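Following: one structure in structure tokens, then a few remarks.
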Amino acid sequence: MGRGTQNLYTCWTPLGNISLDMGPSVLCAGSHKLDALHQTYWAADVDRDLIEGWFSKDPVEIVDRFGCRWSTTDFGVGDVLIFGMHILHASLANTSKRYRISVDARYQLASEPFDERWVGAPPPGHYNFWKPGIQLEPVAVSRAKWGV
């Protein structure tokens with residue numbers, strides 16, 4: 001999400017009641033204040049830089065390294081979770097025997113610059129993932145270069 005406006009917001013909407021065992025979204029409280037990520041991870045672009053898009057697959061590592069905490073709750077019909085693009089987020093594992101259905105929608109002011117990958121009919125979307133022979137740099141390599 002390193003193109004277009006930096007004032008981009010996600011609205012996560014559960015379609016039905018979602019208990020903790022169904023794998024709701026989780027936010028890493030305080031991660032939006034991590035200056036080192038603003039100049040590295042959040043400035044990166046998976047298509048331009050050919051890197052993996054996630055920061056870590058280990059939520060405990062985030063807590064240990066940065067001192068943040070993960071937060072979530074049960075969600076009910078009518079709930080929404082709105083957060084800016086500079087906050088680490090994930091979801092819990094769905095350990096229930098039910099489907100968890102939710103929607104992620106992104107919003108920004110019309111006056112802000114947009115990311116051309118997500119505009120048009122049809123929008124081009126990510127383009128380097130589908131090219132034969134393209135190898136994305138593992139996030140561990142990117143993080144080592146960035147020192148985070």
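Structure values in brief
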{"read-out": "Under 5 Å, built H, 5+ apart or other chain: amide partners of S91", "value": "V26"}
{"read-out": "Volume per residue that the Cα convex hull of region 46-90 spans, once the total is divided by residue count, Å³", "value": "121 Å³"}
{"read-out": "Normalised per residue, the volume of the convex hull around the Cα set of the chain (Å³)", "value": "144 Å³"}
{"read-out": "Helix-only [θ]222 nm of the chain, DSSP H runs n ≥ 4, -39500 (n - 2.57) each, per residue, nearest 500", "value": "-3500 deg cm²/dmol"}
{"read-out": "Rg over Rh, two decimals, region 75-144 (C-alpha only, Kirkwood Rh)", "value": "1.02"}
{"read-out": "Lys, Arg +1 and Asp, Glu -1 on Cβ, resulting dipole of the chain about Cα centre, debye, nearest 20", "value": "180 debye"}
{"read-out": "GNM top mover of G53, G133, G125 - the chain, alpha-carbon springs below 10 Å", "value": "G133"}
{"read-out": "Sites matching trypsin sites (Lys or Arg not before Pro) across region 38-95 that sit in DSSP coil, with at most 12 neighbouring C-beta atoms within 10 Å", "value": "K57"}
{"read-out": "Over 31 Å (Cα to Cα) - which of K57/K97; K97/K131; K33/K97 fall in this group", "value": "K97/K131; K33/K97"}
{"read-out": "Radius 15 Å from Cβ of D64, net charge of other residues (Lys, Arg +1; Asp, Glu -1)", "value": "+2"}
{"read-out": "With at most 16 neighbouring Cβ atoms within 10 Å, loop chymotrypsin sites (Phe, Trp or Tyr not before Pro) (DSSP) excluded, longest segment of the chain", "value": "1-53"}
{"read-out": "Long-range amide H partners of I18 with built H, under 5 Å", "value": "F75, G76"}
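Read-outs: derived from the displayed coordinates by stated rules, not from any lab. This structure is a prediction, so every number in the text was calculated from the model and none was measured. With ideal geometry, Cβ positions are generated from the backbone for all residues, glycine too; neighbour counts draw on all protein chains shown.
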